[in-house]
Amino acid sequence: MLQGKQTWKFENRPVIIGAATVVGPDEGDGPLAGDFDLVHPELDMQQKSWEKAERLLLEQASEFALNNAKIAKDQLQFYVGGDLMNQIISNSFAARTLGVPNLGVFGACSTSMESLAIASLMVDSGAGQYVLAGTCSHNCTAEKQFRYPTEYGAQKPPTAQYTVTGAGAVVVAASGEGPVVEYATIGKVIDLGVKDPFNMGAAMAPAAVDTIQAHFNDTGRTPKDYDLIVTGDLASVGHPLAKELLIRDGVPMDETTFKDCGLMVFDVEKQKVQAGGSGCGCSAVVTYGHILKKIAKGDLKRVLVVATGALLSPLSFQQGESIPCIAHAVAISGGKE
């Protein structure tokens, strides 16, 4: 099971038998619109608060994932999930609606792959036959908690990112049809002293690089073993930095396609999203919507998703702390040996 220092190899090959994504209007105007299960035309989604809207995203994604997996809710053993809100309240309320045993997790924007790694570990070890993993974010809840309420109209620098309004969920099973989860590399907290909360791409890039290198060291794989390696939400500032650091360290990233979910979910040239997308929902909707569909079609055979997270809070920022960051990587294949 443990391979190398920080990687789990899933010998029993847990399968993603169902996936679903639900997004907001900006994501629906982006280049991946056709890959989402549901696009809401309004940010409030007819809810009384932004937080209730975010909760709805996760509830709907979970329901659609179960439907796509063709299993009933009472067949689930566990649900693993989290979000960006204080005390992961979006996850907790969605778990209340779901009504199955819940493990709440927090890895900031890396939560999508953190929850998938844990769900896969549970299934691979026999701790559950069907486990749901999911996460969400909402632009207005994140702005309200981490920056300024949307109504304030604060200006942002070009390095700032635009939180994705969306949720993604997958059902991981011991057997069935679908992509296989091969490995999960659990990241270390990396902090190089960046303090600017409007430049999280630069803060997270070293964590992504550390986890990618750990994955290659532990598994013996190289970039050419993957059709696509994608980071979570480094966007237009952090992603080039990560590529530069990998090249500096002699990692041949030119042997694969290297992208970032924050640059895939939006058209940064046409949409007003500053440096690109971010948030728990960013890597979740790109992976569980776009990438899994590409794998199902045979366009991609093996993908490494490296979800990145900035582990700051308003309190730590106000106290002058730097931004600790983490990245978790999950290797997903088309299911054939």
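The values are calculated or read from the model by the stated rules, or taken from the named source; none is laboratory data. Small disclaimer: the values here were computed from a predicted structure and weren't measured. Neighbour counts are summed over all protein chains in view; Cβ atoms, including those assigned to glycine, are modelled from backbone coordinates with ideal geometry. These area figures cover heavy atoms from the full protein model, side chains too; ligands, DNA and RNA do not enter into them. Shrake-Rupley method; radii C 1.70, N 1.55, O 1.52, S 1.80 Å.
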So the helices (runs of 4 or more DSSP H) completely within the stretch 216-287 holding 3 or more residues that are open to solvent by 20 Å² or more (accessible area, probe 1.4 Å) and without any contact (Cβ under 8 Å) to a residue 40 or more places away in the chain are 235-248
Which of the residues that make up the stretch 163-213 are more than 20 Å from SER278 (Cα to Cα), among the polar types (S, T, N, Q) and either without any contact (Cβ under 8 Å) to a residue 24 or more places away in the chain or open to solvent by 10 Å² or more (accessible area, probe 1.4 Å) (or both)?
SER175, GLN213
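Do we have LYS5 as out of contact with any His (no Cβ under 9 Å at 6 or more places or on another chain), without any contact (Cβ under 8 Å) to a residue 40 or more places away in the chain and either farther than 23 Å from GLY178 by Cβ or among the hydroxyl-bearing types (Ser, Thr, Tyr) (or both) here? Break it down stepwise before answering.
Values: out of contact with any His (no Cβ under 9 Å at 6 or more places or on another chain): yes; without any contact (Cβ under 8 Å) to a residue 40 or more places away in the chain: no; either farther than 23 Å from GLY178 by Cβ or among the hydroxyl-bearing types (Ser, Thr, Tyr) (or both): yes.
No.
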If we keep just the residues of the stretch 123-162 that are modelled with pLDDT of 95 or more and in a loop (DSSP other than H, G, I, E, B), which is most open to solvent (accessible area, probe 1.4 Å)?
GLN129
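This table checks each residue for (1) touching a residue at least 40 places away in the same chain (Cβ under 8 Å); (2) among the polar types (S, T, N, Q); (3) in contact with a Lys or Arg (Cβ under 8 Å, 6 or more places away or on another chain); (4) open to solvent by 50 Å² or more (accessible area, probe 1.4 Å).
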{"residue": "ALA65", "(1), (2), (3), (4)": "yes, no, no, no"}
{"residue": "ALA72", "(1), (2), (3), (4)": "no, no, no, no"}
{"residue": "LEU98", "(1), (2), (3), (4)": "no, no, yes, no"}
{"residue": "ILE118", "(1), (2), (3), (4)": "no, no, no, no"}
What tally of residues in the stretch 100-154 results from selecting those that are over 19 Å from SER175 (Cα atoms) and aliphatic (A, V, I, L, M)?
7
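Is one or more of the residues making up the stretch 7-20 within 20 Å of GLU63 (Cα to Cα), at pLDDT 95 or above and open to solvent by 70 Å² or more (accessible area, probe 1.4 Å)? Before you say what the answer is, go through the steps one by one.
The first filter runs over the stretch 7-20 and keeps only residues within 20 Å of GLU63 (Cα to Cα), leaving 15-20.
From the residues that got through so far, the ones that are at pLDDT 95 or above too are 15-20.
Among the residues that remain, those that are also open to solvent by 70 Å² or more (accessible area, probe 1.4 Å) are: none.
The answer is no, given that none of the residues of the stretch 7-20 is within 20 Å of GLU63 (Cα to Cα), at pLDDT 95 or above and open to solvent by 70 Å² or more (accessible area, probe 1.4 Å).
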